[in-house]
Number of protein chains: 2
Amino acid sequence: MSDPESQGSGARRRRNPRQSGTRSATPAQLPWRKVENRYRPVDVFDDEQVEQIHDASMRILEELGIEFLSPDARDVMVRAGATLDADGVRLRMDRGLVLDAVAKAPSSFTLHARNPAHDLVIGAGRINFACVASAPNSSDLDCGRRPGNFIDFENLLRLAQSLNIVHLTGGYPVEPTDLPVPTRHLDCYLSYIRLTDKIWRPYALGGGRIEDAIEMAAIARGLDRDGLQRSPGLLCNVNTNSPLRVDGPMLDGMAELARAGQAVTVTPFTLAGAMSPVTLAGSLAQQNAEALAVIAYAQLVRPGTPSIYGGFTSNVDMKSGAPAFGTPEYARATLAGGQLARRYNLPYRSSNANAANVPDAQAAYESLMSLWSAVMGHATLILHGAGWMEGGLVASFEKMIIDAELLQTMAEFLAPIEVNEATLALDALREVGPGGHFFGAKHTLARYETAFYAPLLSDWRNFESWREGGSKSALERANGIWKQMLAAYQPPPLDPAIDEALEAYVARRRESIAQAT
Amino acid sequence: MSDPESQGSGARRRRNPRQSGTRSATPAQLPWRKVENRYRPVDVFDDEQVEQIHDASMRILEELGIEFLSPDARDVMVRAGATLDADGVRLRMDRGLVLDAVAKAPSSFTLHARNPAHDLVIGAGRINFACVASAPNSSDLDCGRRPGNFIDFENLLRLAQSLNIVHLTGGYPVEPTDLPVPTRHLDCYLSYIRLTDKIWRPYALGGGRIEDAIEMAAIARGLDRDGLQRSPGLLCNVNTNSPLRVDGPMLDGMAELARAGQAVTVTPFTLAGAMSPVTLAGSLAQQNAEALAVIAYAQLVRPGTPSIYGGFTSNVDMKSGAPAFGTPEYARATLAGGQLARRYNLPYRSSNANAANVPDAQAAYESLMSLWSAVMGHATLILHGAGWMEGGLVASFEKMIIDAELLQTMAEFLAPIEVNEATLALDALREVGPGGHFFGAKHTLARYETAFYAPLLSDWRNFESWREGGSKSALERANGIWKQMLAAYQPPPLDPAIDEALEAYVARRRESIAQAT
């Protein structure tokens, strides 16, 4: 019970100041903790169906092939035995090549943060929640929806740092479109490192951006590149240009990270009916083909590269073409994706996705459908865990808090129920007797402060008290909570010498980029 | 595909008129269907822990006993071997008595509606969703919260009839407090029968109310009492006065229904920290003891009585005493309850519960937490499936629609993914090729109209279109949908002779009740 990392029944939570009638600058929340999933996964396929999907995906790579838009990547694949089409971009590869390469990936690994307390185990039954990433817009209740900007970028990072249930930042929470493109990544990396001490994710893109991420990650942790290679701390996410095409800069950026010993995630963007077949089986076969082909490449670049199998199969509204998330199709595909990842002993990445335009009931139920299926599909990395709206077009400050509540709820849900003589409580029942109540029982008094999950956002007051308190909806309460949290934010400690070295690195790079352009 | 009862991928849904740009009086929804759960349940306990809970519950009944506040019930139990305390109300019974009796309950059974298309199988992997029941207040967005009344009662029944995903009405959706108490049940039963042709639930209470339910159910189905006994169509729900006390009129009403061959549900009201121990293990042991003791009584009254094991264990906010639902504790207890019900081969009843004061994000995520755990705990009867708010204090018209979306989503989620050569779609992928899209593919065109779930409530339009459409939240859209649905409502056909017989019965009973009071 004294291990601050252990998973429990909320026992180590601060008393909720909102409930005790006083106000506090820091809303009560669960402590940082590892989240372990000890429930059996929910399987949507039987073993034979998994093999059918597997076989179809291998036939896709063997018979149809996949385009790698990087000459380097094609060279590596051809040297390993793939054949190149006459068009010079499409590779066909047999299942032996793919499966041998994929088998070199570890089934679990550790990612190291600049604060070792925030190291993460990927795989091995762990669940790691990331905050929203890559949204072009941001939004809050006061100022509405606006193009992504650096102020929001930094504030969302501050929230990601403040929320203990957010294990890592999963990319730029919002794109800071007000920063110049050639040097934007330098500003962003510096903010990642200064404002948070959790794992961060650079984008697998060329132009020196991965090189800068590697250098800055090494400086931040006081390591040289060898040291960083031995204790990886960066991960990227490669989205394929489904169907059956992979972007060149993405492949090259990923290869650079793999060579530096860092981790890669490969997530085909298989929206059934648009970028993949309208049938889930077909979309999953395509997802599997694309994910495994790219993971095989990462393994050929550097055997043993920590690799995560990403699943993102959903459907579009066939009338409008609009993507949908948290749908019945999405939930089943998410569970199926977990079965496929397990087939290859690969850690599994999923998301907390929804397509709502406002953080209302729809946003909540679509997100929770996504989250339940991610958890029950045994995803170990849940990107976009907090703050994602509109199918990824918006990072919402209020949704960040709503999702933090969902993530905390999931973490507590996964904690075991203790069963022993004391918890079975026959003595308490004997003390209270038929028709009595347990409020004053010794058994209750010894446990009541820590017995149950205390919510971050949910309001359980009766209607009258709730109305007296201003009839605030979850959305309005979330608005108050993120503001409280930002007001109380303190940057994590950073050695001034490291900060100086980072600043010097950024200044140098800014100059050389300015000269090059 | 032509079986209207079969479970599928939404193929038999009407085209959604809201999406095709025209307005229609009847919002598109899934057709009536049986919902089957083919996923393995999620277990929170290992087998040994289940046995520990079982053993503790048996010790509760053996050592502590339980109060049955009905002389008839005590007589039956004592004749079966239970011992009566000196206080004359507390029974102690050994596990042999309880388990032998419980073993006489069927593991599944059929409930018959006046429309045979709406018969329900309870158990056997089926999931049956009921609408909200027993709320003292009702609410909608236009008129707010008000005491339950007969107009709302009837309108909620009309919605329950209109929503295909609602398999049964689960009690009075709201208490019609404007009707006189002595004859209220007659008005309610008549409305059940006239406004819906689905299964309905009388309250297990004395004073002739069960007798009236039996008589009117028989008339409605053109049966005599023997016929009704052979094809049960009524079910009740007995809540214990936890801890360890059961109300007399409830026991007597239940016994009367059992003698008439109808079905019973027994649901201990175990709010951990208030009516049961603050520990989940203790609350579940108490739930198990109370549920099995009352089910044993039902079996002693009439062996083979269709009996449902109800679980409702949740926690209270220990600061305020307010009940909470859809919490991590609730979800784990719900899954655990399923394990216990399966231990005794009993069908399992759960709920779609939440404690929110407004149908917002909190209402949605608490409800979906409840619903997922009910489904993954293999509940076969989900009471309060649509419309429940404020921990049961309100029946909400908008929440009815929000929940219908959740229930439909669950039903589609449980449909299998077809895996075969056609759905694996290699030909489609060959046709489209790398970097293409599937919108115009033959494979897509042949399937797009029925490929995916079309939502009742969710709005997947992009932000700009959504804003042009009035920026309506899920709550506001739900408001429009229930009004459309009520406007389009048509009562189900009822033989005029039966209607007349029911009216005559009610008139006769009204008179005799008036004379008696």
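With respect to the conditions (1) over 16 Å from residue A:397 (Cα atoms); (2) within 19 Å of the chain's Cα centre (by Cα), residue A:96 falls short on a single one, namely (2). Out of curiosity, is residue B:375 β-branched (Val, Ile, Thr) and either facing chain A (nearest Cβ under 7 Å) or touching a Leu at 6+ places or on another chain (Cβ under 6 Å) (or both)? Considered against the rule, which asks whether it is β-branched (Val, Ile, Thr) and either facing chain A (nearest Cβ under 7 Å) or touching a Leu at 6+ places or on another chain (Cβ under 6 Å) (or both), residue B:375 comes out as no.
Condition check for residue A:162 on (1) farther than 22 Å from residue A:382 by Cβ; (2) touching a helix residue (DSSP H, G or I) at 6+ places or on another chain (Cβ under 7 Å): one failure, at (1). Answer with yes or no whether residue B:187 is free of Cβ contacts under 8 Å to residues at least 12 places away in the same chain and acidic (Asp, Glu). No, not satisfied. Only helices (runs of 4 or more DSSP H) whose full extent lies in the stretch A:457-517 are considered here, and none of them has at least 2 residues that are touching a residue at least 40 places away in the same chain (Cβ under 8 Å) and exposed (fewer than 11 other Cβ atoms within 10 Å of the Cβ). Sort out which residues of the stretch A:424-435 are surrounded by fewer than 22 Cβ atoms within 10 Å (Cβ to Cβ), within 7 Å of another protein chain (Cβ to nearest Cβ) and out of contact with any strand residue (DSSP E or B) (no Cβ under 9 Å at 6 or more places or on another chain), and write them in order of number. Across the stretch A:424-435, the qualifying residues are A:426, A:430. Annotation: of all residues in the stretch A:443-456 being of a type outside the set (A, V, I, L, M, F, W, C) and in a loop (DSSP other than H, G, I, E, B), the one that is farthest from the other protein chains (Cβ to nearest Cβ) is A:450.
Of the residues making up the stretch B:309-349, those that are under 21 Å from residue A:447 (Cα atoms) and basic (Lys, Arg) are B:319, B:332. Residue count for the stretch A:154-194 satisfying the condition of being more than 16 Å from the chain's Cα centre (by Cα), within 16 Å of residue A:116 (Cα to Cα) and buried (at least 20 other Cβ atoms within 10 Å of the Cβ): 1. Checked against (1) over 20 Å from the mean Cα position of the chain (by Cα); (2) farther than 24 Å from residue A:449 by Cβ, residue B:234 passes all but a single condition, namely (1).
Every number here is computed from the coordinates shown, using simple stated rules; none is lab data. Note that the coordinates shown come from a computational prediction; the quantities given were computed from them, not determined experimentally. No Cβ is skipped: glycine too gets one built from the backbone with ideal geometry, and neighbour counts run over all protein chains shown.
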